[in-house]
Amino acid sequence: MAMTKPIDAKSTLAWSDLKDHYKNYQADLRDWFDTDPARAERLSYQAGDLFVDLSKNLVTDEILGDLVRLAYEVGLPERIEAMFSGEKINVTEGRSVLHTALRRGPLADIADADRLHVDGQDVDADVEAELEKVAAFATKVRKGTWKGVTRKRIKTVVNIGIGGSDLGPVMIYEALAPYRQAGLDVRFVSNIDPTDVAQKTADLDPETTLFIVASKTFTTLETLTNARLARTWLLDGLTKAGAVKKTAASRKAAVRKHFVAVSTALDKVADFGIDPKNAFGFWDWVGGRYSVDSAIGTALSVAVGPVAFRELLAGFKAMDHHFRTTPFHQNVPVLMGMLNIWYVNFMHAESHAVLPYAQQLHRFAAYLQQLTMESNGKSVRWDGSAVTTHTGEVFWGEPGTNGQHAFYQLIHQGTRLVPADFIAVANPAYGLVDEDGDGGAVKPGADVHELFLANFFAQTKALAFGKTAAEVRADGTPESLVPAKVFSGNRPTTSILAPALTPSVLGQLVALYEHLTFVQGIVWGINSFDQFGVELGKKLAMEIAPAVSGDDAALNAQDASTRSLVSKYRELRGAK
Ligand code: F6P
C-alpha cells in the first residue's frame, strides 16, 4: 500500500491549541504540586516493568491532553499499525520497518493465524531459524567446543562493526556485565583509527581469538578495513606460532575457524573468506540502529548466553505490546515522544539529556544518539517536501553522578531548556556497604546504592523546584551572592525506575526509546528509517584519501579550505 502523505502537524487543531497554551501559560511546578496533591500519582505510568513519572514535566493536564490529540490528528495510530504489519513505511528505500518482528517469538508461542508474512517471506519462521543458529554458535563458543585452528578453545571474541553494528552490542554488553560468562572476554572494535584495532588485539593470542565481523551491508569502510587488519594480525600471529603455513589452503582454513560474520549480504561475507555456514543473516527491513536484537547481537549471545538473549527479546516484545495496544493517554512511548514535541516545537529546546543513574548504562546515551539523531535528524518529509517545524533534538548524556560534577550546572542554571530523562534501578547488581561512613551524614553501614539514588531524587527535585531568592537569603547568604545562588526550577525531568537491570528490563528500555523516536518522526512527517545524511561525507572521504596520501592532482582538485588543511597535514606528517 502506498504511503499516505504526511499530515502537517502545524495544520491540525491540536497544534493551534498547543500554541495557545504556550502563549498563555507560565510553568510553575511548585505551585502545580502544591495545589494538586494527586499530580505525581496521576502523571505516573507503568509500562511493563518500567515505572515512568512524567509529573515533573512542564505540562498541565490540558497540554498533555492536546499533545495526545495531536498524536491522533497526525494519524499516529495508523502509522503504528503500518509499521507493525510490515507496510513499506521506509518509502525512500522502499522497505518495511520490522525490527519489532525480531522479537515476536518464540515461534512456538505464535498462533498460525497470527504469523507474519511480508512479501512472501515467513518472517516469524526466518527470525526463529536465525536466532537458533546464533544460539547454537554462541553455545559452542561458551562451552569451548568451538575450537580455533590449533584446537584451542576461544577465550576472546572481538566484534568488528560500527554504528548500529557496534553501539547497541557495546551498550548491552556493558549493561549486562553481571550476566557475562567468566573467562570469556568480548571486545568491540569500531573506529577506523588504527589505534582501535591495535589496542584491542595487543594482548591477545590469535590461537584463542575469534572475530565477528558485523555489518549489515558488508561494505562499510571502517568495518571492512578493520576486518582485513584483524585477518592480517591473525594470520601473521598464527604463522609465527607455526600454526599456519603460507599456503592459501592453510590460511583459508585458519580464517574459517577464527572469523564469523553477521550481515544481510551473505555473498560478500563469502568473498571475504568466511565460511557461509558461519554467517548469521538478517534482513533489509531491519535498520542498522534498530538491529541489536537481530543476529547483530551475536556477540551478546556469546557473552550473556542465548537464554539471557531471549529474555532481552522478551523485554523488547513487552514494550512493543504496550506501544501497540495501550490507549495513547496511558501509552508511555507516545507520551514521552509527544512531550519531546512540546519541548522542541513549542518551548524551543534544542537538546535532550539522558542521565542513567546506573553505571552499567554508561554507553546508553551514545547508543541513543544514533537511534534518535540518525532517525530524526532530517529536513524533508517522507514525500520529499520540506519539514514545517524543527525536527530532531540533540540527545546526549552521561551517567549520574559523574554528570553532576560536569555539566549539570548548565541544566540547573543555564539559559537553555534541557529536558532530561533520569533512569535508575531499585536493586543494583553490586550492592556495597560503606562500613565506616564519613562521620557525618553518611552513617556507618550505609547502603551505597541508596546514597547513589538519593542523588537521583535530589537532582530531579532541585531541577523541578529550584531555590528562591528568599530561601537563599534564609541561608544567611550575603546579598551580593544571592542572584548567583538562585535556582529558577521548572527544569523538566522524566524519571524512569525499574526493579533491576535485567535483560528484560533493558529490552523494555531500548524499545521505549525506539518507539518514542518513531512517534516524534511521525509528528514531523519524516521517514525515521533512512540515513542519507551520512553518505556525502563517506563519498568525499574516498575522493580525498589520495590527496592525503600524496597525490598532488587529487589535492589540487579540492576546494581551497580542504587543500590548505590537507597540505598542513602532509607537512606535519613529513611532506608526503
Ligand atoms: O553510516 C551510517 C550507517 O549506515 C548506519 O546506519 C549503520 O548502523 C552503520 O553505518 C554501519 O553499517 P553496516 O552495519 O552496514 O556496516
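The values are calculated or read from the model by the stated rules, or taken from the named source; none is laboratory data. Remember, it's a predicted structure, so these values are computed and weren't measured experimentally. Every residue, glycine among them, receives a Cβ derived from its backbone with ideal geometry; neighbour counts consider all protein chains shown. Note: areas computed on protein heavy atoms with side chains; ligands, DNA, RNA excluded. Shrake-Rupley method; radii C 1.70, N 1.55, O 1.52, S 1.80 Å.
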Original post:
Considering Ser488, Ser528, Ser480, which residue is surrounded by 15 or more Cβ atoms within 10 Å (Cβ to Cβ) and small (Gly, Ala, Ser)?
Top reply: Ser528
Original post:
In the range 555-576, what residues are open to solvent by 100 Å² or more (accessible area, probe 1.4 Å) and either polar (S, T, N, Q) or assigned to a loop (DSSP other than H, G, I, E, B) (or both)?
Top reply: Asn556, Arg573, Lys576
**OP:** Can you work out which of the residues in the range 14-32 that are touching a helix residue (DSSP H, G or I) at 6+ places or on another chain (Cβ under 8 Å) and under 14 Å from Glu62 (Cβ atoms) is most open to solvent (accessible area, probe 1.4 Å)?
**Re:** Lys19
Original post:
Just one of Leu335, Leu361, Leu368 is within 16 Å of the ligand (Cβ to nearest atom), in contact with a strand residue (DSSP E or B) (Cβ under 8 Å, 6 or more places away or on another chain) and in contact (Cβ under 8 Å) with a residue 24 or more places away in the chain; which is it?
Top reply: Leu368
**OP:** Considering each residue of the range 77-106, count those that are surrounded by 16 or more Cβ atoms within 10 Å (Cβ to Cβ) and outside any loop (DSSP other than H, G, I, E, B), and give that number.
**Re:** 12
**OP:** State the number of residues belonging to the range 519-554 that are assigned to a helix (DSSP H, G or I) and within 16 Å of the ligand (Cβ to nearest atom).
**Re:** 12
Original post:
Can you tell which of Ser190, Ser165 is among the hydroxyl-bearing types (Ser, Thr, Tyr), over 13 Å from Ala299 (Cα atoms) and buried (at least 20 other Cβ atoms within 10 Å of the Cβ)?
Top reply: Ser190
Subject >> Selection from the range 151-205 of residues that are away from the ligand (no atom under 16 Å from the Cβ) and among the polar types (S, T, N, Q) >> reply: Thr156, Gln181, Thr195, Gln199, Thr201
Original post:
Give me the pairs: first residue in the range 25-39 and within 20 Å of Phe346 (Cβ to Cβ), second residue hydroxyl-bearing (Ser, Thr, Tyr), beta-carbon distance under 8 Å, and six or more apart or on different chains, which are they?
Top reply: Tyr25/Thr60; Trp32/Thr60
Subject >> Total residues in the range 107-132, condition in a loop (DSSP other than H, G, I, E, B) and among the acidic types (Asp, Glu) >> reply: 1
Original post:
Among the helices (runs of 4 or more DSSP H) confined wholly to the range 426-510, which include 3 or more residues that are aromatic (Phe, Trp, Tyr) and either under 28 Å from the mean Cα position of the chain (by Cα) or in the same structural domain as Met336 (by TED's automatic domain parsing) (or both)?
Top reply: 448-465
**OP:** Scan the range 262-273 and give yes if some residue there is over 21 Å from the mean Cα position of the chain (by Cα) and more than 16 Å from the ligand (Cβ to nearest atom), otherwise no.
**Re:** yes
**OP:** Output the residues belonging to the range 278-303 that are under 17 Å from Glu132 (Cβ atoms) and away from the ligand (no atom under 16 Å from the Cβ).
**Re:** Asn278, Ser301, Val302
Original post:
Looking at Lys152, Lys133, Lys143, which is the one that is open to solvent by 60 Å² or more (accessible area, probe 1.4 Å) and under 28 Å from the mean Cα position of the chain (by Cα)?
Top reply: Lys133
